[in-house]
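Take this structure, written in structure tokens, and hold onto it; I'll ask about it next.
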Amino acid sequence: MTHKPPTPNPEWVIHRFESVNSTNDVAIRMAREGAPEGTAVIAGEQTAGKGRLGRSWSSPAGDGLYLSAILRPDLPFDQVWQTGFVASVAAAEAIGKVSALPAQIKWPNDILLSGRKVCGILTEALKPAVTPSPFAIVVGIGVNVNNSSFPAEIAQKATSIAFELGRPVKLQKVEGAILSRLHTRYAQYLSEGFAAVLEAWKNLDCTIGRRVVVLTDDSAVGGIAMGVDSRGDLVVEREDGVVVCMAAGDVTLLDTT
Ligand code: BTN
């Protein structure tokens, strides 16, 4: 493990590693040991990168940004999911800024470029050992930056910033933009509440008005996505006119824009 001076984001203290199993796992361990809010863990490679729903996250050396940030908001535990939305907005804005391409969010936490996934977010929470101290949230952000190929099972759905631009991109630039937007959006969330984040989300949401199928463990719900409600649920109008609110699942967009 090496400690380098933080990048120009004074609010973050960054711990850099060449290779770890998962930056989320390292950050969870550090949070358990008392690491403060604003701690960030960044690795050059992950040997067991974790995705949502128990999936893995392909994390080859040097190609991607693998970053986990520790947050300790003084909020009820049942609002933890909101920080995933904060991170999604921040990541989409950062990737949009660095690439000058329209990055969009696909509910709940996928960031897309040209309809393909360029970034994923995994939020994990730790209840405090001693209450009422605030619990810790680890927000893990993985960005495909310079990847030129992907594992077969995601090859049709994934992209990288470099692939979309046709030229390599500096990892530090993406890192700086992500940390900066995450700081700004998190501060806004704490001061103005979730409504402000949701407002920004709506402008980046690529599902609104589109035909979708939402797959959960035991169902497939098809219809027109109407957006995200204040609980973070995806609202879908089925073909029979019934409106359902989906709290979890994977969205497939059926039509092209
Ligand atoms: C997903 O879309 O399934 C979420 C992917 C999250 C990947 C990031 S990479 C940094 C952090 N460490 C992990 O093990 N996972 C997250």
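Being farther than 30 Å from ARG210 by Cα, surrounded by 22 or more Cβ atoms within 10 Å (Cβ to Cβ) and not polar (S, T, N, Q) narrows it down to one residue among ILE105, ILE14, ILE42; which is it?
On the way: ILE105 fails: farther than 30 Å from ARG210 by Cα; ILE14 fails: surrounded by 22 or more Cβ atoms within 10 Å (Cβ to Cβ).
None of the other options fit; the residue is ILE42.
Out of (1) at negative phi; (2) surrounded by 13 or more Cβ atoms within 10 Å (Cβ to Cβ); (3) of a type outside the set (Lys, Arg), what's the single condition that is false for SER219?
For SER219, the failing item is (2).
For LYS117, are the conditions met, namely being within 22 Å of ALA61 (Cβ to Cβ), modelled with pLDDT of 95 or more, outside any helix (DSSP H, G or I) and of a type outside the set (Val, Ile, Thr)?
Values: within 22 Å of ALA61 (Cβ to Cβ): yes; modelled with pLDDT of 95 or more: yes; outside any helix (DSSP H, G or I): yes; of a type outside the set (Val, Ile, Thr): yes.
Taking the combined requirement at face value, the residue satisfies it.
Output yes when any residue across region 133-156 is in contact (Cβ under 8 Å) with a residue 60 or more places away in the chain, more than 16 Å from the ligand (Cβ to nearest atom), assigned to a helix (DSSP H, G or I) and within 27 Å of VAL251 (Cβ to Cβ), and no when none is.
no
Within region 141-158, how many residues turn out to be surrounded by fewer than 19 Cβ atoms within 10 Å (Cβ to Cβ) and not aliphatic (A, V, I, L, M)?
6
Further question: Consider region 185-216. How many of its residues are acidic (Asp, Glu) and buried (at least 16 other Cβ atoms within 10 Å of the Cβ)? Spell out the reasoning first.
Taking region 185-216 as the starting set, the residues that turn out to be acidic (Asp, Glu) are 192, 199, 205.
After this cut, where a residue has to be buried (at least 16 other Cβ atoms within 10 Å of the Cβ) as well, the list is 205.
Looking only at that region, the number is 1.
Looking at (1) of a type outside the set (Asp, Glu); (2) more than 28 Å from GLU153 (Cβ to Cβ); (3) within 13 Å of the ligand (Cβ to nearest atom), which is the only condition GLN82 fails?
Exception for GLN82: condition (3).
Output the number of the condition that ALA125 fails; it satisfies all remaining conditions of (1) aliphatic (A, V, I, L, M); (2) part of a strand (DSSP E or B); (3) modelled with pLDDT of 95 or more; (4) surrounded by fewer than 20 Cβ atoms within 10 Å (Cβ to Cβ).
(3) is the only condition that ALA125 fails.
Please identify the pairs in which a residue from region 103-126 that is within 16 Å of GLY54 (Cβ to Cβ) and more than 8 Å from the ligand (Cβ to nearest atom) has its Cβ atom under 8 Å from the Cβ atom of a residue that is part of a strand (DSSP E or B) and of a type in the set (Val, Ile, Thr), counting only partners at least 6 apart or on another chain.
Correct list of pairs: THR123/ILE137; THR123/VAL138; THR123/VAL139; GLU124/ILE137; GLU124/VAL138.
So which pairs qualify, if the first residue must be in region 231-257 and at positive phi, the second must be surrounded by 12 or more Cβ atoms within 10 Å (Cβ to Cβ) and among the aromatic types (Phe, Trp, Tyr), the Cβ gap must be under 7 Å, and the two must be at least 6 apart or on different chains?
The qualifying pairs are GLY232/TRP81; GLY232/PHE85.
Which residues, taken from region 17-26, are near the ligand (Cβ under 8 Å from one of its atoms) and crowded, with 22+ Cβ neighbours inside 10 Å?
Of everything in region 17-26, those that are near the ligand (Cβ under 8 Å from one of its atoms) and crowded, with 22+ Cβ neighbours inside 10 Å turn out to be SER22, THR23, ASN24.
Yes/no per residue for (1) within 14 Å of the ligand (Cβ to nearest atom); (2) of a type in the set (D, E, K, R); (3) modelled with pLDDT of 95 or more; (4) on the phi > 0 side of the Ramachandran plot:
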| position | (1), (2), (3), (4) |
| --- | --- |
| THR7 | no, no, no, no |
| VAL13 | no, no, yes, no |
| GLU33 | no, yes, no, no |
| ALA43 | yes, no, yes, no |
| GLN46 | yes, no, yes, no |
| ARG52 | yes, yes, no, no |
| TRP57 | yes, no, yes, no |
| ARG72 | no, yes, no, no |
| LEU75 | no, no, no, no |
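For residues in region 45-93 being of a type in the set (Ser, Thr, Tyr) and out of contact with any Leu (no Cβ under 9 Å at 6 or more places or on another chain), which is surrounded by the fewest Cβ atoms within 10 Å (Cβ to Cβ)?
Narrowing region 45-93 to residues of a type in the set (Ser, Thr, Tyr): 47, 56, 58-59, 66, 68, 83, 88.
From what is left, the residues that are out of contact with any Leu (no Cβ under 9 Å at 6 or more places or on another chain) are 47, 56, 58-59, 66.
On the way: THR47: 11, SER56: 13, SER58: 19, SER59: 25, TYR66: 26.
Checking each candidate, the answer is THR47.
Being modelled with pLDDT under 90 and either of a type outside the set (Gly, Ala, Ser) or in contact with a Ser or Thr (Cβ under 9 Å, 6 or more places away or on another chain) (or both) is the filter here, so list the residues in region 128-151 that pass it.
Of region 128-151, the ones modelled with pLDDT under 90 are 128-135.
Of everything in region 128-151, those that are modelled with pLDDT under 90 and either of a type outside the set (Gly, Ala, Ser) or in contact with a Ser or Thr (Cβ under 9 Å, 6 or more places away or on another chain) (or both) turn out to be PRO128, VAL130, THR131, PRO132, PRO134, PHE135.
The values are calculated or read from the model by the stated rules, or taken from the named source; none is laboratory data. This is a predicted model, so every value here is computed, not measured. So basically every Cβ, Gly included, is an ideal-geometry build from the backbone, and we count neighbours across all protein chains shown.
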